[in-house]
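Could you have a look at this structure, given as structure tokens, before my questions?
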Amino acid sequence: QKEVEQNSGPLSVPEGAIASLNCTYSDRGSQSFFWYRQYSGKSPELIMFIYSNGDKEDGRFTAQLNKASQYVSLLIRDSQPSDSATYLCAVAGGLGTSYDKVIFGPGTSLSVIP
Amino acid sequence: EAQVTQNPRYLITVTGKKLTVTCSQNMNHEYMSWYRQDPGLGLRQIYYSMNVEVTDKGDVPEGYKVSRKEKRNFPLILESPSPNQTSLYFCASSLGEMNTEAFFGQGTRLTVV
């Protein structure tokens with residue numbers, strides 16, 4: 001069973017701090033990696049996607065991918081109360097699977113304290 | 001406005017009564033998929049479709065059917081619903097290339113009694 005794991009949280013950080021969210025995956029051949037944000041009672045929305053090893057920055061968000069360690073992370077700089085949500089890591093592709101099959105992690109709940 | 005529309009938003013039904021949850025997107029996306037979300041289990045993919053008449057199983061396809069006769073529509077069919085299919089369901093669509101820019105519908109909360 002291919003798996004995506006996330007630290008369960010809840011993760012609490014003070015406003016203005018850096019929030020670090022982590023995700024590991026079991027399928028070494030995975031090719032595409034995504035971070036979604038989901039507010040309570042709402043649909044997930046895509047924040048970042050990353051395909052290559054290294055860092056990818058978009059505003060206050062940085063996604064980091066290390067395929068050798070099978071690890072992907074999301075950093076949120078200058079955290080705001082509006083960032084309080086559940087963050088879902090998703091992985092697509094992989095050895096022996098259809099290219100577009102997506103597996104989500106269970107999510108990490110983030111709370112930014114004013 | 002670009003959107004994925006699911007209907008109904010809420011549904012309570014009885015065991016064994018066939019139902020269909022509709023999903024429609026207006027972005028001409030090739031890729032569409034269905035997920036269920038349960039507490040502690042996250043989002044699990046039920047079925048996905050890479051184009052018209054092309055569908056494939058996700059991780060939890062048992063008890064569900066889908067069809068993709070038109071690019072914009074991807075209905076989820078429960079032929080004989082059971083209580084373990086009580087869940088929050090999401091439809092999503094994307095351009096398809098590495099599943100970027102996935103847009104999710106508003107969700108359908110299904111209760112099977």
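The values are calculated or read from the model by the stated rules, or taken from the named source; none is laboratory data. Just so we're clear, the structure is a prediction, and the values are computed from it rather than from any experiment. Cβ sites come from the backbone with ideal geometry, for glycine too, and all protein chains shown count toward neighbours. Side chains included, ligands, DNA and RNA excluded: accessible areas come from the protein's heavy atoms. Shrake-Rupley method; radii C 1.70, N 1.55, O 1.52, S 1.80 Å.
Per residue, what volume in Å³ does the convex hull of the Cα atoms of chain A enclose?
94 Å³
Averaged per residue, what accessible surface does the stretch A:1-108 expose to a 1.4 Å probe, in Å²?
On a per-residue basis, 44 Å².
Please list, in chain and number order, the residues 5+ apart from residue B:107 or on another chain whose amide H is under 5 Å from its amide H, with Hs placed from the backbone.
Amide H neighbours of residue B:107, under 5 Å, 5+ apart: B:6, B:91.
Probe radius 1.4 Å, ligands and nucleic acids ignored: give me the carbon and sulfur share of the accessible area of chain B as a rounded percent.
Working: 2780 of 5360 Å².
Taking all protein chains in place, chain B shows 52 percent carbon and sulfur surface.
Which ³J(HN,Hα) values, rounded to whole Hz and listed in residue order, are derived for the stretch B:10-24 from phi using the Karplus coefficients 6.51, -1.76 and 1.60 in 6.51 cos²θ - 1.76 cosθ + 1.60 with θ = phi - 60°, glycine and proline given as x?
9, 8, 10, 9, 9, 3, x, 8, 4, 9, 10, 9, 8, 9, 9
What translational D, rounded to a whole number of µm²/s, comes out for the protein assembly as shown from Stokes-Einstein when the hydrodynamic radius is the Kirkwood one over Cα pairs, at 4 °C and 1.567 mPa s?
Stokes-Einstein gives a translational diffusion coefficient of 72 µm²/s.
I need the semi-axes of the equivalent ellipsoid of the stretch A:32-88: take the C-alpha gyration tensor, multiply each eigenvalue by 5, square-root it, list largest first in whole angstrom.
Details: eigenvalues 89, 34, 15 Å².
After diagonalising the Cα gyration tensor, the semi-axes are 21, 13, 9 Å.
For the stretch B:35-84, what does the convex hull of the Cα positions come to per residue, in cubic angstrom?
For the stretch B:35-84, the hull spanned by Cα atoms encloses 80 Å³ per residue.
Can you run phi through the Karplus equation (6.51, -1.76, 1.60; θ = phi - 60°) for the stretch B:29-41 and list ³J(HN,Hα) in whole Hz, with x for Gly and Pro?
Result, rounded to whole Hz: 6, 7, 9, 9, 8, 10, 10, 10, 10, 10, x, x, 10.
Determine which aspartates and glutamates satisfy two conditions relative to residue B:57: a Cα distance under 12 Å, and not lying fewer than 8 residues away in the same chain.
A:100
I've got another one for you. Let me know the charge dipole size of chain B about its Cα centre in debye, to the nearest 20, where only the beta-carbon of Lys, Arg (+1) and Asp, Glu (-1) is charged.
440 debye
In nm, to one decimal, how far is the residue B:106 label point from the residue A:15 one, both placed 7 Å along Cα→Cβ?
Output for this residue pair reads 3.1 nm.
Quick one: putting +1 on the C-beta of Lys and Arg, -1 on the C-beta of Asp and Glu, what dipole do you get for chain A around its Cα centre, in Debye to the nearest 20?
On the way: 9 positive and 11 negative charges, 41 e Å.
So the magnitude is around 200 debye.
Using only the alpha carbons of chain B, what is the convex hull's orientation-averaged projected area in square nanometres?
Values: hull surface 26.2 nm².
For chain B, averaging the hull's shadow over all directions gives 6.5 nm².
Placing +1 on the Cβ of each Lys and Arg and -1 on the Cβ of each Asp and Glu in the protein assembly as shown, which of A:107, B:111, A:32 has its Cα farthest towards the positive end of the resulting dipole?
B:111
Let me ask another. Students often get this wrong, so check it: of A:56/B:69; A:42/B:69; A:56/B:65; B:17/B:69; A:42/B:71; A:42/B:18, which have C-alpha atoms separated by over 32 Å? Don't skip to the end; give the middle numbers.
Working: A:56/B:69 38 Å; A:42/B:69 28 Å; A:56/B:65 38 Å; B:17/B:69 23 Å; A:42/B:71 25 Å; A:42/B:18 26 Å.
A:56/B:69; A:56/B:65, as the Cα separations exceed 32 Å there.
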